[in-house]
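Worksheet for the structure shown next.
The values are calculated or read from the model by the stated rules, or taken from the named source; none is laboratory data. From a predicted model like this one, the values you see are computed outputs, not experimental measurements. All Cβ positions, glycine included, derive from the backbone under ideal geometry; neighbour counts span all protein chains shown. Just the protein is used for accessible areas: all its heavy atoms, side chains included, with ligands, DNA and RNA removed. Shrake-Rupley method; radii C 1.70, N 1.55, O 1.52, S 1.80 Å.
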Amino acid sequence: MNIILFEKGERHFDCKDERFLHIKKVLHMGVGDSFHGGEINGWEGKCRIENFDSDGLDFAFTPVSDTSALHPLTMIVAQVRPICMKRILREAVSLGVGRLILPISDLGEKSYASASLYTEGEYKSILLDGAMQSGKTGVSECFVVKSVEEAIEKAGEGERLLLDNVIGSSPLSSLDLKNKSVILAIGPERGWSERERKLFLSSSFSPVLIGDRILRTETAAVAAPSVALSRMGLL
């Protein structure tokens with residue numbers, strides 16, 4: 001954890017809380033010590049431990065600066081195996097991606113949508129973990145949707161890019177994306193269906209490539225936003 005995040009107004013960590021265990025076992029802190037913390041999607045600052053015992057700890061928070069800003073990049077990522085999606089979510093937040101939209105695709109496994117990652121809200125803790133890795137307070141918005149149609153509708157306005165090895169033409173690395181909001185669509189392991197490709201094209205998405213190799217979704221979901229953010233002048 002490069003920053004310890006908490007809800008606005010939260011000033012107590014229970015003894016079973018991972019944040020308490022990190023402060024105790026990794027940082028080896030006690031009463032009077034201070035750690036780097038921040039309110040989720042708010043200010044970061046200095047947290048001074050005021051009480052520390054076997055039941056938990058209490059701290060005072062002195063805000064210093066607002067580091068909640070995320071990049072104007074929306075990623076549409078077709079659902080893949082939950083264990084892979086956990087890595088995608090964590091890394092996307094670490095990169096500062098503003099919004100994530102996760103549709104079930106035509107060629108994707110439909111059962112992924114009923115995984116505990118989504119039904120029990122586990123994805124929220126994964127997003128939070130990614131933010132704490134980044135050292136910033138901003139946590140990406142995340143939407144789980146039923147179809148690519150719904151994902152496109154939810155994506156809003158921006159430079160629309162479809163990452164696709166079949167119809168991709170322009171290298172993503174060649175685009176000038178400075179001062180633009182970007183929407184980047186990344187398919188599942190089996191790729192987009194022909195129906196979905198036509199849908200993206202009719203919705204003003206431009207097909208792009210990040211090379212001639214076929215990447216796993218979890219690899220593409222780190223490489224592509226990294227390239228896009230670089231072309232946006234943000235990385």
When you scan the stretch 57-91, how many residues do you find that are small (Gly, Ala, Ser) and not in a loop (DSSP other than H, G, I, E, B)? 2
Look through the stretch 21-44, keep the residues that are in contact with an Asp or Glu (Cβ under 9 Å, 6 or more places away or on another chain) and more than 27 Å from LEU70 (Cα to Cα), and return whichever of them is least open to solvent (accessible area, probe 1.4 Å). GLY32
Restricting to strands (runs of 3 or more DSSP E) lying wholly in the stretch 123-235: which have 2 or more residues that are in contact with a strand residue (DSSP E or B) (Cβ under 7 Å, 6 or more places away or on another chain), free of Cβ contacts under 8 Å to residues at least 24 places away in the same chain and open to solvent by 70 Å² or more (accessible area, probe 1.4 Å)? none
Selected residue (criterion: farthest from GLU7 (Cα to Cα)) from residues of the stretch 17-68 that are polar (S, T, N, Q) and without any contact (Cβ under 8 Å) to a residue 40 or more places away in the chain: SER54
Checking LEU100 against (1) touching a Gly at 6+ places or on another chain (Cβ under 9 Å); (2) closer than 13 Å to ALA131 by Cβ; (3) in a strand (DSSP E or B); (4) of a type in the set (A, V, I, L, M): exactly one of these is not met. Which one? (1)
Please indicate, with yes or no, whether at least one residue in the stretch 1-9 is in contact (Cβ under 8 Å) with a residue 40 or more places away in the chain, within 18 Å of the chain's Cα centre (by Cα) and open to solvent by 40 Å² or more (accessible area, probe 1.4 Å). yes
When only residues in the stretch 91-122 that are more than 27 Å from LYS198 (Cα to Cα) and acidic (Asp, Glu) count, which is surrounded by the fewest Cβ atoms within 10 Å (Cβ to Cβ)? GLU120
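Here is a yes/no grid of residues against (1) within 16 Å of the chain's Cα centre (by Cα); (2) of a type in the set (Phe, Trp, Tyr); (3) closer than 28 Å to PHE6 by Cα:
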position: VAL77; (1), (2), (3): yes, no, yes
position: PRO82; (1), (2), (3): yes, no, yes
position: LEU89; (1), (2), (3): yes, no, yes
position: LYS110; (1), (2), (3): no, no, no
position: TYR123; (1), (2), (3): yes, yes, yes
position: GLU149; (1), (2), (3): no, no, no
position: GLU153; (1), (2), (3): no, no, no
